[in-house]
1. Exactly one of (1) under 19 Å from Gln64 (Cβ atoms); (2) without any contact (Cβ under 8 Å) to a residue 60 or more places away in the chain is unmet by Asp206. Its number?
2. Identify all residues within the stretch 95-141 that are in contact (Cβ under 8 Å) with a residue 24 or more places away in the chain and among the basic types (Lys, Arg); write none if there are none.
3. Please work out which one of (1) of a type outside the set (Gly, Ala, Ser); (2) under 19 Å from the mean Cα position of the chain (by Cα); (3) part of a loop (DSSP other than H, G, I, E, B) is the condition Ile110 fails and give its number.
4. For the stretch 318-338, enumerate the residues that are closer than 28 Å to Tyr94 by Cβ and either in contact with a helix residue (DSSP H, G or I) (Cβ under 7 Å, 6 or more places away or on another chain) or open to solvent by less than 20 Å² (accessible area, probe 1.4 Å) (or both).
5. Quickly run through the stretch 52-66 and pick out the residues that are open to solvent by 10 Å² or more (accessible area, probe 1.4 Å) and among the β-branched types (Val, Ile, Thr).
6. Please find, among Phe9, Phe69, the residue that is over 18 Å from His229 (Cα atoms), assigned to a helix (DSSP H, G or I), among the aromatic types (Phe, Trp, Tyr) and open to solvent by less than 40 Å² (accessible area, probe 1.4 Å).
7. Could you grab me the full set of residues in the stretch 178-194 that are part of a strand (DSSP E or B) and either open to solvent by 10 Å² or more (accessible area, probe 1.4 Å) or of a type in the set (Gly, Ala, Ser) (or both)?
8. Does the stretch 195-210 contain any residue that is assigned to a loop (DSSP other than H, G, I, E, B) and at pLDDT 95 or above?
Amino acid sequence: MISGREELFQLIEEGRRGSNIGLTIGSPKLETYMDGFLPGTSYLIGAQSGVGKSTYMLWALVYQPLIQFLNGENVERDPHWIMFNLEMTRSQIYAKLLSMYIFDQYGEQIRFKEMFSRGKDTMLSDEHYSLIQECGHFIGVLDERIVCYDGSLTEEKYVKTMDKELKRFGYWDNGVYVPNNPKQIIGVVIDHMSLVKASAGRQKKDEMDAISRASVVLRNTTKIVSPIHVAQFNRSSGSDERLKQSLQEPTSNDFKDSGSLYEDSQVVLALHSPQKLKQTTYKKYDIKTLEQSFLAVFLLKSRFGTSDILVPMGFYGDCSHYAELPKPDEIFDYEKYKYPDWLLDQSLRSSDNIKKEDTCIKNPSKFVL
C-alpha cells in the first residue's frame, strides 16, 4: 500500500502530464469551473419535468466527449458508457445522439418525431433517410461504446450489473479493482433516479440513497467510473408560493427529497427554463422572443472549484443541440438565436467574440446584468 505522500505526489505528477484534464462537455465556460468530463467523478443533473435534462445529459456528458475522442483528442480516455435508461429506450437514445451528429456533419435538422415517422405529417423524407444511412459508422460506434439496460432498477440489480460490466475493463484483486487502462473513463448513467424501484422493505427514497452510496463506492474503488445521475426536482420547486417570492431559480434544496443524492455528487448541474414558468424576460434576455430556445444552466456545486455559476444557453430541440449565448446587450436580433442556423457559421463558432466573462454569471441569484 502506498503512503499518503506517494499518492499525493502521484496525482500531482499525473496532473503535470495533463492526465487530470477532462473530455469536453461542449461549454467552455462550464469546463473552466468543472474541468470537463473526468474519470472518478460523480455528476448530478436536475431540472423540473419537461425541461430537457435527459437530452442535456446526452449532449454534454455523452455526445461531446465521444466526438472529441473520435476526433483523436484524449484517446487514452477510451470512453464507454453504461446506461440504466429507465425513461428512454435505447432506440430513442440513439436517435437523439444521431440527430446531434447529423446536424454537426450535414447542417440538417432531423427531429426525433421525424426520424421515426411518428404521424402522417412527419414522415421521414428520402433525403433525410439517406443521411441516416450515411451515418452507419457513427451508429456502429454507439453500439461499441454504449450498453443500455432498461426496465426496473434496484440497488441489488445495479451492483450485480456493474460487477459484470466492470470485468470488461479490469479485474478485482483481493478487493482492489485494477483497471486495464487507469486513464479510462466509464460513464454510468441512471436516467432518471425517481424511476428506480423500491425493493422489499424499502421506500423509494431509501432505494435511491442506497444506489447513490453504491455509486460512490464504485467511483472511489475503481477510479475510472464516473456516475451520472439525472433527477427531477422536488414538486415544491415550481410551487405558486415559491414563484410569488420570485424564487424561480434552482437551488440545492430542490434535490432534498432525493436524500443523499446531492451530497454524494461532486458536480451538480441544474437546468432552468424561464419560458416554462411563463417569464417574458430573464437576466435581461428576451424570453418572449426566444421562448423555449433559452435555457439557463447552473453549476450549483463543484468540489473542485468555484460553484454558483450560471451559463445562458441556446437550446434547439429539433437537433438536440445547446450553445452558449452572447450577453443580452450584444444580441441585436433575437430571432436569429431562436434557431440553430447561427451555429453553422464557422466564423461565429471559432471567433473570440464571446468571452468567458461575457456569458458566465457568478452568484446568479444576486447577479444583475
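1. Condition (1) is where Asp206 drops out.
2. Selection gives Lys96, Arg111.
3. (2)
4. Cys319, Ser320, His321, Tyr322, Ala323, Glu324, Lys338
5. The one that is open to solvent by 10 Å² or more (accessible area, probe 1.4 Å) and among the β-branched types (Val, Ile, Thr): Thr55.
6. The unique qualifying residue is Phe69.
7. Once the filter is applied, which keeps residues that are part of a strand (DSSP E or B) and either open to solvent by 10 Å² or more (accessible area, probe 1.4 Å) or of a type in the set (Gly, Ala, Ser) (or both), the stretch 178-194 yields Val178, Pro179, Gly187.
8. No, there is no match, as no residue in the stretch 195-210 is assigned to a loop (DSSP other than H, G, I, E, B) and at pLDDT 95 or above.
The values are calculated or read from the model by the stated rules, or taken from the named source; none is laboratory data. Please read these numbers as outputs of a predicted model, since none were measured by experiment. For neighbour counting, all protein chains shown are included, and Cβ atoms are generated from backbone atoms with ideal geometry for every residue, glycine included. Note: accessible area is taken over every heavy atom of the protein model, side chains too, but ligands, DNA and RNA are not part of it. Shrake-Rupley method; radii C 1.70, N 1.55, O 1.52, S 1.80 Å.
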